[in-house]
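Undergrad: Have a look at the structure that comes next, please.
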Amino acid sequence: MTSMFVNLPVTDLERAKAFYTAIGFTINPLFSDHNAACVVVEDDHSYFMILVREYFQTFTDLPLGDPATAPSVSTAIFVDTREAVDTAITDGIAAGGTEPRPAADYGFMYQRQLTDPDGNILEFGYMDPTAAAQGPEAYANQQA
């Protein structure tokens, strides 16, 4: 089984945990301590490891950037409905995040961007099942 862990630096671990649980994820306490928390995005598959910056720094000799001023990654999470996208953004803003850009609606795909309190960028999206399986042209053909 393949699993993906995305490591994100944070300045306040408790604030970050509150933010990520507010947008619908859970914390796995077995892999969490005072330096880090394991955020379960999708059981047995996708996770964020939110790490205090000092601890994150122990994994690299390179200087850490500040995602609030110089982002280097945007993590896209696709959900089952447009409404789930909107709910994640609304809940994230209520938990201290921001929506730096307007929603993008391409017809077959809908995306909204959410920045966590530390500046890490999350994109929530929904894609029409026909487009996901057969490409955007198949979606366009079914609309014609």
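The values are calculated or read from the model by the stated rules, or taken from the named source; none is laboratory data. Computed from a prediction, not measured in an experiment: that's the story for all the values here. All Cβ positions, glycine included, derive from the backbone under ideal geometry; neighbour counts span all protein chains shown. Surface areas here come from the heavy atoms of the whole protein model, side chains and all, with no ligands, DNA or RNA. Shrake-Rupley method; radii C 1.70, N 1.55, O 1.52, S 1.80 Å.
Undergrad: So is ALA18 of a type outside the set (S, T, N, Q), in a loop (DSSP other than H, G, I, E, B) and open to solvent by 40 Å² or more (accessible area, probe 1.4 Å) or not? Full working, then the answer.
TA: On the way: of a type outside the set (S, T, N, Q): yes; in a loop (DSSP other than H, G, I, E, B): no; open to solvent by 40 Å² or more (accessible area, probe 1.4 Å): yes.
No, not satisfied.
Undergrad: Among the candidates PRO71, PRO67, PRO9, which residue alone is in a loop (DSSP other than H, G, I, E, B) and open to solvent by less than 40 Å² (accessible area, probe 1.4 Å)?
TA: PRO67
Undergrad: Within the range 21-49, can you find the residues that are over 12 Å from the mean Cα position of the chain (by Cα), of a type outside the set (A, V, I, L, M, F, W, C) and assigned to a strand (DSSP E or B)?
TA: Result: THR26, ASN28.
Undergrad: Something else now. Could we say that LEU30 is farther than 17 Å from ASP12 by Cβ, aliphatic (A, V, I, L, M), touching a Cys at 6+ places or on another chain (Cβ under 8 Å) and surrounded by fewer than 19 Cβ atoms within 10 Å (Cβ to Cβ) here?
TA: yes
Undergrad: Identify the single condition in (1) open to solvent by 70 Å² or more (accessible area, probe 1.4 Å); (2) in contact with a strand residue (DSSP E or B) (Cβ under 6 Å, 6 or more places away or on another chain) that PHE59 does not satisfy, given that it satisfies every other one.
TA: (2)
Undergrad: I've got another one for you. So, restricting to helices (runs of 4 or more DSSP H) that lie completely within the range 81-144, which ones have at least 3 residues that are open to solvent by less than 40 Å² (accessible area, probe 1.4 Å) and touching a residue at least 12 places away in the same chain (Cβ under 8 Å)?
TA: In the range 81-144, the matching helices (runs of 4 or more DSSP H) lie at 82-94.
Undergrad: Taking the condition of being farther than 10 Å from PHE78 by Cα and modelled with pLDDT of 95 or more, how many residues in the range 110-134 meet it? Quick ask: steps written out before the conclusion?
TA: If we filter the range 110-134 for residues that are farther than 10 Å from PHE78 by Cα, which is where we start, we get 112-122, 128-134.
Next cut, modelled with pLDDT of 95 or more only: 112-122.
Residues that pass the stated criteria total 11.
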